[in-house]
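J.: One structure, pasted below without further comment.
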Amino acid sequence: MTMPPLMTERRVSMIGAMLVAIGPVSMALYTPAMTELVRAFGSTESVIKLTLTLYFGGFAFAQLIAGPLSDALGRRPVTIAFLALYCAASILAIFAQTVEVLILARFVQGIGASVGVAISRALVRDLFTDERSSRIMNLIGIILALGPALAPTLGSLLLLFFGWRSLFILMALIGMGSIAVIYFYLKETVVRDVSRLNLRALGRSYRMLLGNRQFLTAAGVIGGALGAIYAQATFLPFILIDTVGLSPQQFGVAMLAQSGSFLAASLVVRSLMNRFNALRLVPAGLALILLGSLGILTLLVSQPTFFSVMLPVAIYSCGIAFVMPAMSTAALAPFGREAGAAAAMLGFIQMGSGLLVGTLGALMGDAVLAMALLIPLMGAGACISFILYRRTAIAVAITAAALQTDACQKLPQNPPTTGPDL
């Protein structure tokens, strides 16, 4: 008799979405204030961009620690500890008097927020697999879309009426509320095993992950598709505010085109998953990503306007909703005991691709040129990774079938009978 899971799909979805949303919401709340912070600290655009770049850096690399720690010490204590660090960094940012302190606070904030992506996916893998896992990933995506959809608008209004420090007050409250939810509603899903806090064992786990073609190719799809959202965050404020001429408040409303399209597409995907396997929806998503990439390429030959920028971004975001559930499940499927490490590495590849492309864009110095060249390259990378993933899956299936045939051939063809001939 199969034991029921420790938590229902709905509870895991809600907790997972809350944890995943902390990072993007902290980014989306903050981006409308970036041009204001240049003036507030008497700084430069490139220095203020560091507050976002280092946030990404802390977010990306700390996942590689958070995931394995949760495998060894448990999901609950590690999540609470990282969220406490996030709250402390938010409070430090509230009282920052120099841009250097703000940069430090954002870096530490990224470290604290990193636990969300690693733990949420590990929780799903701990309890569910296959289509149930894809359904939860889709529901997490739907709930996740609501936070970043509303955050830029909320952030721009807080900036207008209460100043930039109010943004970090809200982030601190979000962190405290999340700690309360984890403490009261999250049940532990792994057995504490301190012996797993071993650098050599951790190194072996990551080498095993990076040697698994199914993981690498599925993670490549996620990195190229979802990673573009994080890369765009370093370009869009300066394109829409400085080049197109939107105010911070108008920018907050404009970002609804990105997150709203992702939300709408996620709802469509949820309906389609009742009739189709989630993996069958991925090619349609990649087609949308390619279409959005072609639209973004037009920025090379035309002056940016709101529609020429945000319409392709919205189409690209629709494609991500079709890709994310199946490919997240596919990346984590081969791993049970190492679910935390696998989820952490997946999150690192996702965030790391956004960090790398965002950094390259900052070095280029022209946000429009960077967006037009680099985001389509990420879309192309996602498509190539999916082709390689399909080839890997076919090869694995052929190998498994061959092994099964070989095993059958080795069985006795005419087993002896012990009873009389009939």
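J.: Can you find, within the stretch 300-315, the residue that is surrounded by the most Cβ atoms within 10 Å (Cβ to Cβ) among those that are β-branched (Val, Ile, Thr) and assigned to a loop (DSSP other than H, G, I, E, B)?
T.: The residue in question is Thr305.
J.: Inspect the stretch 84-101 for any residue being under 18 Å from the mean Cα position of the chain (by Cα) and either at pLDDT 90 or above or in a helix (DSSP H, G or I) (or both) and give the result as yes or no.
T.: yes
J.: Kindly list the number of the only condition in (1) more than 20 Å from Leu236 (Cβ to Cβ); (2) surrounded by fewer than 24 Cβ atoms within 10 Å (Cβ to Cβ) that fails for Ala89.
T.: The number of the failed condition is (2).
J.: Checking Asp71 against (1) closer than 28 Å to Asp193 by Cα; (2) surrounded by fewer than 20 Cβ atoms within 10 Å (Cβ to Cβ); (3) modelled with pLDDT under 80: exactly one of these is not met. Which one?
T.: (2)
J.: Given (1) surrounded by 23 or more Cβ atoms within 10 Å (Cβ to Cβ); (2) under 14 Å from Ala28 (Cα atoms); (3) not small (Gly, Ala, Ser), where does Gln250 come up short, assuming only one miss?
T.: Status for Gln250: all satisfied but (1).
J.: Report whether or not Pro334 is assigned to a loop (DSSP other than H, G, I, E, B), of a type outside the set (D, E, K, R) and more than 19 Å from Gln63 (Cα to Cα).
T.: So Pro334 passes the test.
J.: Being without any contact (Cβ under 8 Å) to a residue 12 or more places away in the chain and among the polar types (S, T, N, Q) is the filter here; which residues of the stretch 3-51 pass it?
T.: Thr8, Thr44
J.: Only one of these conditions is not met by Gly74: (1) within 22 Å of Tyr30 (Cβ to Cβ); (2) out of contact with any Leu (no Cβ under 7 Å at 6 or more places or on another chain); (3) not charged (D, E, K, R). Which number is it?
T.: For Gly74, the exception is condition (1).
J.: From the list Ala81, Ala62, Ala66, which one is free of Cβ contacts under 8 Å to residues at least 60 places away in the same chain, under 21 Å from the mean Cα position of the chain (by Cα) and crowded, with 19+ Cβ neighbours inside 10 Å? Steps first, answer last, please.
T.: Values: Ala81 fails: crowded, with 19+ Cβ neighbours inside 10 Å; Ala66 fails: free of Cβ contacts under 8 Å to residues at least 60 places away in the same chain.
Sole residue among the options that is free of Cβ contacts under 8 Å to residues at least 60 places away in the same chain, under 21 Å from the mean Cα position of the chain (by Cα) and crowded, with 19+ Cβ neighbours inside 10 Å: Ala62.
J.: Taking the criterion of being in contact with a Pro (Cβ under 6 Å, 6 or more places away or on another chain), among the polar types (S, T, N, Q) and touching a residue at least 12 places away in the same chain (Cβ under 8 Å), would at least one residue in the stretch 178-186 satisfy it?
T.: no
J.: Also: Spot the failing condition for Gly227; the list is (1) more than 29 Å from Ala393 (Cα to Cα); (2) surrounded by 23 or more Cβ atoms within 10 Å (Cβ to Cβ); (3) touching a Gly at 6+ places or on another chain (Cβ under 7 Å), and only one is missed.
T.: For Gly227, the exception is condition (1).
J.: I need the helices (runs of 4 or more DSSP H) fully contained in the stretch 124-223, keeping only those with at least 1 residues that are modelled with pLDDT under 80 and on the phi > 0 side of the Ramachandran plot. Lay out the reasoning, then the answer.
T.: Numbers: elements: 130-162, 165-185, 199-210.
Ranges flagged: 130-162.
J.: Residue check: is Met371 under 17 Å from the mean Cα position of the chain (by Cα) and either modelled with pLDDT under 85 or surrounded by 20 or more Cβ atoms within 10 Å (Cβ to Cβ) (or both)? If you could, list the steps in order and put the result at the bottom.
T.: Working: under 17 Å from the mean Cα position of the chain (by Cα): no; either modelled with pLDDT under 85 or surrounded by 20 or more Cβ atoms within 10 Å (Cβ to Cβ) (or both): yes.
No.
J.: Determine, yes or no, whether Ala343 is in a helix (DSSP H, G or I) and more than 21 Å from Gly260 (Cβ to Cβ).
T.: Here the answer is yes, as Ala343 does meet what is asked.
J.: Residue under question is Ser13, and the condition is that it be at pLDDT below 80, under 30 Å from Glu188 (Cα atoms) and polar (S, T, N, Q); does it hold?
T.: Numbers: at pLDDT below 80: yes; under 30 Å from Glu188 (Cα atoms): yes; polar (S, T, N, Q): yes.
When the stated conditions are applied, Ser13 passes them.
The values are calculated or read from the model by the stated rules, or taken from the named source; none is laboratory data. Treat the numbers as computed from the prediction; the structure is a model and nothing was measured. All Cβ positions, glycine included, derive from the backbone under ideal geometry; neighbour counts span all protein chains shown.
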